[in-house]
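Beneath this line is the structure, given in structure tokens, with notes to follow.
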Amino acid sequence: MYNSTQIAEIVSAKTIGVARNSIQHLLIDSRQIIESDNTIFIALVTERNDAHQYIFSLYQKGIKTFLVGYIPDNCKDIKDVCFLVVDNTLKALQQLATYHRSQFKIPVIGVTGSNGKTIVKEWLYQLLKEDYSICRSPKSYNSQVGVPLSVWQLNQHHTLGIFEAGISEVGEMNVLSKIIDPTIGILTSLGTAHDEGFESTEQKLKEKLHLFDTCKTVIVNALSLTEQQINLLSKNNLFLISKNEHAALQIIDTKLVGLQTTIYGHFKKKAISITIPYTDAASIDNAITCWALLLHFEIDNNEIEKRMLLLQSVAMRLELKLGNNNCVLINDFYNSDINALEIALHHQKQQHRGGSKVVILSDIEQSGKSNQELYTAVAKLMTQFKIDVLIGIGHEISSQRRLFHTNSYFFDNTFAFISESKTNAHLQFHDAIILLKGARSFEFENISKLYQQKSHDTVLEINLNHLIHNINFYRSQIDKQTKIMCMVKATGYGSGSAEIAFTLQHHHVDYLAVAYADEGVELRKAGIHLPIMVMNPEESSYNDMIDYRLEPELFSFKVAQEFLQALQLKAISEPYPVHLKLDTGMHRLGFEEKHIVDLCTLLKKETELKVKSIFSHLVASDDKAFDDFTNQQIASFKKMSTQIENAIGYRAIKHISNSGGITRFKQAHFDMVRLGIGMYGVGFNEIEKQNLENISSLKTKISQLKQLLPGDTVGYSRKGVVSKNTTIATIPIGYADGFSRKLGNGNFSVLVNGQPCSTVGNICMDMCMVDVTHVTCKEGDEVIVFETNEQLMQLSASMDTIPYEVLTNISSRVKRIYVQE
């Protein structure tokens, strides 16, 4: 921590007011207060915003220390604050971060380049986190503001720093270089991004190289550099990656096999290789850059190989929402470069479930290309991705309208489009997937409001990044050849089956499983092509199952005979895939050991059935007290499945491990494992609790505040009686939303501005009341019901149930919002 006197000395500020101790947090966004006591607000001034206007409201919220360029008129009479006045608040922020960096004598990696900075940074974190306590840039904080905020995170516990630096014009890197002061430099690539800020690509390269002025080692991925550009590199302390035999890491070849790529190279006169779980060119380049850094750190290549196979995707931030008229919205109005556009189009394609594809696109900023060259490339993408309707917003894209197909519409600004859309039938979409892709300045959030479903303020936010993380965690627990089946029954444990399924399909799981056929039919209609197992097939649904190529679980002779009859009536000419359920101790559904001989006889006779898999269900895989019984189940399953395979004469996929069994019973992975609640972030053993990330957050807002007096009552039957002056907040969530009546009368607390607030009175159908007497809040403030695994467990305990029931009971009227970074 610093005090205001120290900060004033560091940034050469004039102090006005009362000196303050213990400054720990830097705040530049008035909406993102973490805590007021140890925070200094830095009033930055940009072309679009002067943050000095927010000082008084922040003072009212408890902030007492401000770094300012001037004191606003409405703050001049405030007596109990400290103003540090400087000429330029941005430069002062950078000076403060530079000083802070100088207090740490640890290795620091500075990453720059036209592409791949964030991926390389995040992958290095994944690859090195077991060896170091790492401080790294959050997200893509690589700007003149982002870098100081990143470096400020350094503390005495860190043993390695990884910070990325991005520039858009000459002179910027000198500033960032002083702040980061890297001991090791990495240049990831050299592309066209931000070309408009430089006279030439060579000038941009020279500017980027200033980051490495004081580095002891500079790692340069020169695979895409020209000979002329390579000659600009200083030969001192250079670790060069290229195909040249004199390179520190010589890349010999890359070979794609399935969903993986093996990269071959030479290092210190020795042939080495790594395999990564990606096949695209960008990921290969980024992995090579990371490989070089780990080799420089003298990590054994055998260990590097193991770590590379576990690399996880670093996704961008997207929001997927349900829209009006059965539309789906993809909100991506955070950046507008053409590379990000292509990624977003891929995501739209991934989530496409029939109907038209619509793109609403703003002017693309900082491309480094002429308008004609840029929008020719955009038009090509629209064709490649088979976009049905394009809406261009902005002067630049509108000026190039001749490049686009006839079903395109152009507007000078966002509000002109919104006005026209209210009366133009061509802009009122049905059954479409709509991608909103624009720069922040175009305020596309207003378009999102226009098209999204109208619903109440209670939402379930699903973080698809966390879903991907959990899938990757379980992948790290199994062998490469072991398949994964994912449970998306009960609308994806309340998270939304189609949206979850598209993400799983995109990340190459092997199988999906649903409870009933109609769930599988909806997935097929939405565009899911993965194999789908139906766990509770019913005779009335067999025709739909066959029509939509859904694969039934056969658990009894009755079900097997009925399904055989359905196949014969449909005159199916080739063997149909089915899944045999064995009862090894659950005693719910499945063939018992005494049935196996007759089952084998049936399967040998009825060749219309192709045994795709044989499986069973562990009863208590997450409970050590029943490990002996679990091992008995595994042994029984092995015996019974072997008997079946011997009888039918071919191997089937065998699976018995559920989420809890994957981490605890490695010997029971067989050919495939099944992910259920663990995929959604709920873990029961310590390994799972340490590694899983809860994917769901249930949130709402304060509808109204009321001031009550002693003796007043709250809610039905006057169950909530207040004994003192009390502030009550009404929030729009009730038992019809899945918020059980058991949670009333103080049996559960929600979070309002980070503070627990207990329920008062009975839970109503559509709302409930909580005590916010001790919290500073207002109507419209966010309320968290749960957002962590621990909070979900507390909620389920208060409802006297399990997390499964909590998640699946969240009503369909609660809007689902899908977030991906």
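General remarks:
- Count - residues of the stretch 65-98 that are charged (D, E, K, R) and at pLDDT 95 or above: 2
- Residue match in the stretch 697-704 (condition: closer than 30 Å to VAL534 by Cα and not aliphatic (A, V, I, L, M)): yes
- Taking the criterion of being on the phi > 0 side of the Ramachandran plot and either open to solvent by 10 Å² or more (accessible area, probe 1.4 Å) or under 20 Å from the mean Cα position of the chain (by Cα) (or both), the only residue of the stretch 101-134 that qualifies is GLY116.
- Scanning the stretch 268-324 for residues that are of a type in the set (A, V, I, L, M, F, W, C) and under 18 Å from GLY258 (Cβ atoms) turns up ILE274, ILE276, ALA281, ILE284, ALA287, MET308, LEU309, LEU310, LEU311.
- Selection from the stretch 193-209 of residues that are assigned to a helix (DSSP H, G or I), of a type in the set (A, V, I, L, M) and modelled with pLDDT under 85: none
- Options ILE263, ILE241, ILE252; residue that is of a type outside the set (Lys, Arg), in a strand (DSSP E or B) and open to solvent by 70 Å² or more (accessible area, probe 1.4 Å): ILE252
- In the set (1) hydrophobic (A, V, I, L, M, F, W, C); (2) open to solvent by 20 Å² or more (accessible area, probe 1.4 Å); (3) over 20 Å from the mean Cα position of the chain (by Cα), LEU512 fails one condition alone, (2).
- Qualifying positions in the stretch 60-99 - free of Cβ contacts under 8 Å to residues at least 60 places away in the same chain, under 34 Å from the mean Cα position of the chain (by Cα), part of a helix (DSSP H, G or I) and closer than 19 Å to ARG20 by Cβ: THR89
- The condition of being hydroxyl-bearing (Ser, Thr, Tyr), touching a helix residue (DSSP H, G or I) at 6+ places or on another chain (Cβ under 9 Å) and free of Cβ contacts under 8 Å to residues at least 60 places away in the same chain does not hold for TYR54.
- Candidate set from the stretch 688-713 (those that are part of a strand (DSSP E or B) and of a type in the set (Val, Ile, Thr)); member that is nearest to the chain's Cα centre (by Cα): THR700
- Residues (farther than 23 Å from GLN103 by Cα, out of contact with any helix residue (DSSP H, G or I) (no Cβ under 6 Å at 6 or more places or on another chain) and not in a strand (DSSP E or B)) located in the stretch 173-189: SER189
- Cβ-Cβ under 7 Å pairs, at least 6 apart or on other chains, the stretch 390-411 side closer than 12 Å to GLN372 by Cβ, far side open to solvent by 50 Å² or more (accessible area, probe 1.4 Å): GLU396/ASN371; SER399/ASN371; GLN400/ASN371; GLN400/GLN372; LEU403/THR376
Okay, residues lined up against (1) among the polar types (S, T, N, Q); (2) at pLDDT below 75; (3) crowded, with 20+ Cβ neighbours inside 10 Å; (4) closer than 20 Å to LEU390 by Cα:
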{"residue": "GLN312", "(1), (2), (3), (4)": "yes, no, no, no"}
{"residue": "ASN324", "(1), (2), (3), (4)": "yes, no, no, yes"}
{"residue": "ASP332", "(1), (2), (3), (4)": "no, no, yes, yes"}
{"residue": "SER336", "(1), (2), (3), (4)": "yes, yes, yes, yes"}
{"residue": "GLU342", "(1), (2), (3), (4)": "no, yes, no, yes"}
{"residue": "LEU345", "(1), (2), (3), (4)": "no, no, yes, yes"}
{"residue": "GLY355", "(1), (2), (3), (4)": "no, no, no, yes"}
{"residue": "ILE364", "(1), (2), (3), (4)": "no, no, yes, yes"}
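- Members of the stretch 564-585 found to be outside any helix (DSSP H, G or I) and over 17 Å from LEU603 (Cα atoms), listed by number: ALA571, ASP583, THR584, GLY585
- Residue pairs whose Cβ atoms lie under 8 Å apart, separated by 6 or more positions or on different chains, with the first residue in the stretch 498-522 and among the hydroxyl-bearing types (Ser, Thr, Tyr) and the second assigned to a strand (DSSP E or B) and open to solvent by 30 Å² or more (accessible area, probe 1.4 Å), are TYR511/LYS483.
- Matching residues, the stretch 602-652, being under 24 Å from ALA571 (Cα atoms) and surrounded by 13 or more Cβ atoms within 10 Å (Cβ to Cβ): LEU602, LEU603, GLU606, GLU608, LEU609, LYS610, VAL611, LYS612, SER613, ILE648
The values are calculated or read from the model by the stated rules, or taken from the named source; none is laboratory data. Remember, predicted model here, so these are calculated numbers, not experimental data. Heads up, the Cβs are rebuilt from the backbone with ideal geometry, glycines too, and the neighbour counts pull from every protein chain shown. In case anyone asks, the SASA skips ligands and DNA or RNA and just uses the protein heavy atoms, side chains included. Shrake-Rupley method; radii C 1.70, N 1.55, O 1.52, S 1.80 Å.
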